[in-house]
Amino acid sequence: MGHCESFEHTADLGLRVTGTDLADLFQAAAEGLFDTIVANRNAVRDLESESVSLAAETLPDLLLAWLNELIFRCETRHRLYRRFELRVDENPPRLEATIAGEPIDRDRHVLDHEVKAATHHRVRLEPGSDGWVAEVIVDI
């Protein structure tokens, strides 16, 4: 099962993500992103589903596109997401996902950080000893 931990990076925040496979890593990255946005992600209900389809030139670019798509949907649709089911293809880099969440409810959701974007600065995504590992800096 994937794992995401944060690390300090000047005025921004870094996410270090691991996963047994690419889908696991991308799911863990999404969970880590929303753990940064909302302090009580477990209070977010998966009431409504949406589809996401993305393609990119490289796997690191696909990871950035994925996180930035989630940030965009959160900001423009005023929604939080809890469940991420996805398939990731390595060659060519493609992602098909179903995400589920609900509208932001300030009485139940404790918003923690406003994440503006996942950045290209120091992004990496590569095979590791037990699957895949990635690091990405998010602008908060």
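The values are calculated or read from the model by the stated rules, or taken from the named source; none is laboratory data. For clarity, every value in this text was computed on a predicted model and none was experimentally measured. Neighbour counts run over all protein chains shown; Cβ positions are idealised from the backbone, glycine included.
Quick one: count up the residues across the stretch 30-58 that are of a type outside the set (S, T, N, Q) and more than 22 Å from ASP112 (Cα to Cα). Steps first, answer last, please.
So in the stretch 30-58, the residues of a type outside the set (S, T, N, Q) come out as 30-35, 37-39, 41, 43-48, 50, 52, 54-57.
Remaining after also requiring more than 22 Å from ASP112 (Cα to Cα): 48, 50, 52, 54-57.
Matching residues across the stretch 30-58 total 7.
Got a number for residues in the stretch 116-140 being without any contact (Cβ under 8 Å) to a residue 24 or more places away in the chain and either outside any loop (DSSP other than H, G, I, E, B) or aliphatic (A, V, I, L, M) (or both)?
Total meeting the criteria: 2.
List the residue pairs whose Cβ atoms are under 8 Å apart, where the first residue sits in the stretch 62-90 and is more than 15 Å from THR36 (Cα to Cα) and exposed (fewer than 15 other Cβ atoms within 10 Å of the Cβ), the second is of a type in the set (Gly, Ala, Ser) and modelled with pLDDT of 95 or more, and the two are 6 or more positions apart or on different chains.
If the second residue must be of a type in the set (Gly, Ala, Ser) and modelled with pLDDT of 95 or more, the pairs left are GLU85/ALA97; ARG87/ALA23; ARG87/ALA97.
Of the residues in the stretch 46-72, how many are over 16 Å from GLN27 (Cβ atoms) and in contact with a Lys or Arg (Cβ under 7 Å, 6 or more places away or on another chain)?
Adding up the residues that qualify gives 2.
Report yes if some residue within the stretch 106-115 is in contact (Cβ under 8 Å) with a residue 60 or more places away in the chain, within 17 Å of LEU25 (Cβ to Cβ) and touching a helix residue (DSSP H, G or I) at 6+ places or on another chain (Cβ under 8 Å); otherwise report no. Step through it out loud before you land on a result.
Of all residues in the stretch 106-115, those in contact (Cβ under 8 Å) with a residue 60 or more places away in the chain come to 108-115.
Retained after the next criterion (residues that are within 17 Å of LEU25 (Cβ to Cβ)): none.
For the stretch 106-115, residues in contact (Cβ under 8 Å) with a residue 60 or more places away in the chain, within 17 Å of LEU25 (Cβ to Cβ) and touching a helix residue (DSSP H, G or I) at 6+ places or on another chain (Cβ under 8 Å): absent.
So is GLU31 charged (D, E, K, R), in a loop (DSSP other than H, G, I, E, B) and modelled with pLDDT of 95 or more or not? Break it down stepwise before answering.
Working: charged (D, E, K, R): yes; in a loop (DSSP other than H, G, I, E, B): no; modelled with pLDDT of 95 or more: yes.
It is false that GLU31 is charged (D, E, K, R), in a loop (DSSP other than H, G, I, E, B) and modelled with pLDDT of 95 or more.
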